[in-house]
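Before any comments, here is the structure.
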Amino acid sequence: MTKDSKIRTPIVCVMGHVDHGKTSLLDKIRGSSVVSTEEGAITQHIGATLVPIDAITRMSGALSKVSVNVPGLLFIDTPGHHAFTTLRARGGALADMAIVVVDINEGFRPQTIEALQILRNYKTPFVIAANKIDRIHGWRVQRDQPFTKTFSQQNERVQGVLETKVYELVGKLSDLGFNSERFDRVSDFARNICIVPTSALTGEGIPDILMVLIGLAQRYMTESLKVSADGPGAGTVLEVKEERGLGITLDVILYDGILAVGDEIVVAGGEEIIETKVRSLLKPRPMKEILVEERFERVRAVTAAAGIKVAAPRLDDVIAGSPLRVVRDLNRSEVVEQVRREIQDIQVTLSDLGVIIRADTIGALEALSKELDGHQIQVMRAAVGPVTRHDVIEAGTIRDPLYSAILAFNTPVLPDAIDTLADASMSHVNIFEGGVIYKLIDDYVEWRDAKKQELERQRFEKLVMPAKIRILPDCVFRQSNPAVVGVRVLSGKLQSGVDLLLLPGGRKVGRLKQIQAKSETVHEVEAGSEVAISIEGPTVGRQINVGDDLYVDIPERHVKVIEREMVDLLSPGLQEILEEFTSFKRREDPFWGK
């Protein structure tokens with residue numbers, strides 16, 4: 001590396017389980033409150049914050065005595081919920097180092113382990129932030145102090161509790177194949193993972209995290225090919241949005257090379273690959289999060305790694321999550337092909353039957369798809385962008401009503417889609433909107449399960465259920481046309497509109513037309529009820545008599561459904577009368593109803 005080579009700002013990916021304090025940790029470093037702007041206080045997109053070396057030196061103190069050749073650190077804050085495996089994997093792929101945030105009081109969770117597996121796959125150096133030490137019972141807060149200073153101020157019991165919790169993490173990391181130790185006891189940083197006890201709330205241990213990260217950067221980055229950032233820029237589009245006076249702009253993480261005003265760039269659009277020229281570059285102020293920054297400074301060029309806002313013509317259709325490539329050393333067709341290949345590699349599994357999903361970025365679309373797959377929910381179509389009229393019409397034609405749904409993550413529903421949804425023919429289609437993926441899926445699952453129960457109820461309502469009745473004495477109200485008699489339901493569930501049999505011969509005696517209970521017409525009654533019924537066909541005293549037991553004649557196809565799908569849901573009385581009825585039928589045909 002030549003003396004005037006540029007050193008690329010190392011990228012630090014912040015990972016870990018939801019609610020363990022990742023964004024709060026960054027907030028403490030940058031003195032902001034991004035966590036309060038996230039829906040449900042859960043980070044839903046990758047954000048980027050540049051922390052210059054002079055700020056890190058001020059916070060960590062000890063670095064002022066060390067020669068540092070990195071210009072600072074670019075922190076990427078990634079979503080923590082396990083749905084975001086794909087986004088975190090991208091974060092891991094982009095990152096040179098990582099902080100894995102763990103609630104020291106809760107320990108590792110599935111998402112924590114998942115983050116560690118990603119880092120192992122990408123061979124990314126990382127440090128563990130054992131967060132929320134201030135929640136240890138009896139902890140004496142020493143605001144913004146290095147860990148060793150605050151630890152020395154704790155009583156013996158609290159020190160013992162912290163030691164135990166740290167060694168629980170050491171044990172878990174060992175089970176996963178990592179050697180680790182509390183950072184101040186580590187002598188070989190290449191062989192041991194540092195565990196830094198921290199509090200994002202009080203700032204305790206934050207100086208140590210920064211010092212360890214700079215140490216890792218010095219060790220791993222200066223010896224790496226990544227330190228030279230003179231080539232054509234390469235980045236990832238975080239967000240596409242309109243800025244007053246600029247039009248449509250791209251928020252980009254530039255992770256390699258240089259991006260300058262006037263550069264030709266290639267990005268992916270919804271319909272085609274877009275080639276355009278950079279008109280303006282705006283950089284967020286240091287220590288500010290690009291996704292929420294309101295004031296930017298104009299620059300002529302920017303060197304990786306950085307969060308940057310790009311203004312250029314023809315950006316309207318750019319897909320968030322798209323790769324951005326500068327056309328410089330390679331010819332244009334090669335760069336276009338690179339971008340096309342990356343877009344085609346979107347990890348979304350599609351089926352012939354399933355829900356329709358929409359999201360605002362490629363990464364979010366992949367994440368939503370992966371989470372749905374984990375719930376065994378199939379996806380028929382997936383696309384980036386708002387919900388359209390076409391989506392609603394397509395959802396309306398899905399043959400399985402449990403999949404007549406559109407899941408829209410962080411993306412609007414267009415007016416024409418809302419108008420189409422209002423049409424009576426589309427009343428069975430549901431759109432689920434939300435900014436937190438697992439809540440979105442919970443809402444869909446709740447609707448699907450309720451819909452499934454309703455469909456089953458409607459289906460089973462149409463089934464003829466088993467019942468046995470007895471004609472009561474002194475309750476013949478009419479002998480024929482139709483016969484009207486009083487009966488007791490001995491067992492089962494008696495419904496109107498069914499045929500009746502007289503056993504043991506199995507002779508059909510007529511059709512039950514109507515049931516009256518307490519002078520009111522009802523559709524069905526349960527065992528134990530005494531009601532008046534009208535029977536079309538027989539004459540009392542000829543085909544039927546007082547004291548006769550009559551059985552409901554269940555169609556064979558209904559018996560198949562009841563025995564295969566409903567038998568466990570039937571009451572003991574219903575099961576008993578069903579068995580009595582089918583036994584009679586199967587004397588003549590052993591395979592009847594099977």
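Worth pointing out:
- Evaluation of Glu342 against (1) modelled with pLDDT under 85; (2) of a type outside the set (Gly, Ala, Ser); (3) part of a strand (DSSP E or B) (one fails), failing number: (3)
- Among residues of segment 470-510, those that are among the charged types (D, E, K, R), more than 15 Å from Val540 (Cβ to Cβ) and at pLDDT 90 or above, counted: 3
- Of all residues in segment 399-424, those satisfying the criterion of being within 28 Å of Glu272 (Cα to Cα) and in contact (Cβ under 8 Å) with a residue 40 or more places away in the chain are Ala405, Ile406, Leu407, Ala408, Phe409, Asn410, Thr411.
- Residue count for segment 547-570, restricted to those that are out of contact with any Lys or Arg (no Cβ under 9 Å at 6 or more places or on another chain) and under 30 Å from Pro473 (Cα atoms): 1
- Listed by first and then second residue, the pairs with beta-carbon distance under 7 Å, at least 6 apart or on different chains, first residue in segment 302-318 and closer than 17 Å to Val384 by Cβ, second modelled with pLDDT under 90 and outside any strand (DSSP E or B), are Asp317/Gly270; Asp317/Glu271.
- Within the set Ile343, Ile362, Ile377, the sole residue that is surrounded by 16 or more Cβ atoms within 10 Å (Cβ to Cβ) and more than 20 Å from the chain's Cα centre (by Cα) turns out to be Ile343.
- Residues in segment 461-499 that are β-branched (Val, Ile, Thr) and under 13 Å from Leu550 (Cβ atoms) were compared, and the one that is surrounded by the fewest Cβ atoms within 10 Å (Cβ to Cβ) is Val498.
- Residue list for segment 155-177, restricted to those being modelled with pLDDT of 95 or more and in a loop (DSSP other than H, G, I, E, B): Asn155
- Those residues of segment 353-390 which are among the charged types (D, E, K, R), over 12 Å from Asn410 (Cα atoms) and either assigned to a strand (DSSP E or B) or not assigned by TED's automatic domain parsing to the domain that holds Asp423 (or both), in sequence order: Arg381
- Residue identified as over 21 Å from Gln458 (Cα atoms) and buried (at least 17 other Cβ atoms within 10 Å of the Cβ) among Val540, Val546: Val540
- If you go through segment 145-178 and pick out every residue that is in contact (Cβ under 8 Å) with a residue 60 or more places away in the chain and under 35 Å from the mean Cα position of the chain (by Cα), you end up with 7.
- One residue stands out among those in segment 261-275 that are in contact (Cβ under 8 Å) with a residue 60 or more places away in the chain and over 29 Å from the mean Cα position of the chain (by Cα): the one that is farthest from Ala234 (Cα to Cα), which is Glu275.
- Meets criteria (over 26 Å from Asn430 (Cβ atoms) and buried (at least 16 other Cβ atoms within 10 Å of the Cβ)) for Leu315: yes
- The sole residue among Val318, Val327 that is modelled with pLDDT of 85 or more and in contact with a Pro (Cβ under 8 Å, 6 or more places away or on another chain) is Val327.
- Strands (runs of 3 or more DSSP E) wholly inside segment 391-499 containing at least 2 residues that are of a type in the set (Lys, Arg): 467-478, 483-495
- Selection within segment 500-511 - part of a strand (DSSP E or B) and either surrounded by fewer than 17 Cβ atoms within 10 Å (Cβ to Cβ) or free of Cβ contacts under 8 Å to residues at least 24 places away in the same chain (or both): Arg507, Lys508
- Qualifying residue in segment 374-388 (condition: under 25 Å from Lys241 (Cβ atoms), touching a His at 6+ places or on another chain (Cβ under 8 Å) and of a type outside the set (Phe, Trp, Tyr)): no
- Check on Val227, on the phi < 0 side of the Ramachandran plot and either at pLDDT 95 or above or out of contact with any strand residue (DSSP E or B) (no Cβ under 7 Å at 6 or more places or on another chain) (or both): no
- Residues of segment 448-460 that turn out to be surrounded by 11 or more Cβ atoms within 10 Å (Cβ to Cβ), closer than 21 Å to Gln376 by Cα and of a type in the set (A, V, I, L, M, F, W, C), as a count: 1
- When each of Val196, Val186 is tested for being buried (at least 21 other Cβ atoms within 10 Å of the Cβ) and either of a type in the set (S, T, N, Q) or closer than 20 Å to Phe126 by Cβ (or both), the lone residue that passes is Val196.
The values are calculated or read from the model by the stated rules, or taken from the named source; none is laboratory data. Only a predicted model underlies this, so the values are computations on that prediction, with no experimental measurement involved. When we count neighbours, we look across all protein chains shown, and the Cβ atoms used for this are built from the backbone with ideal geometry, even at glycine.
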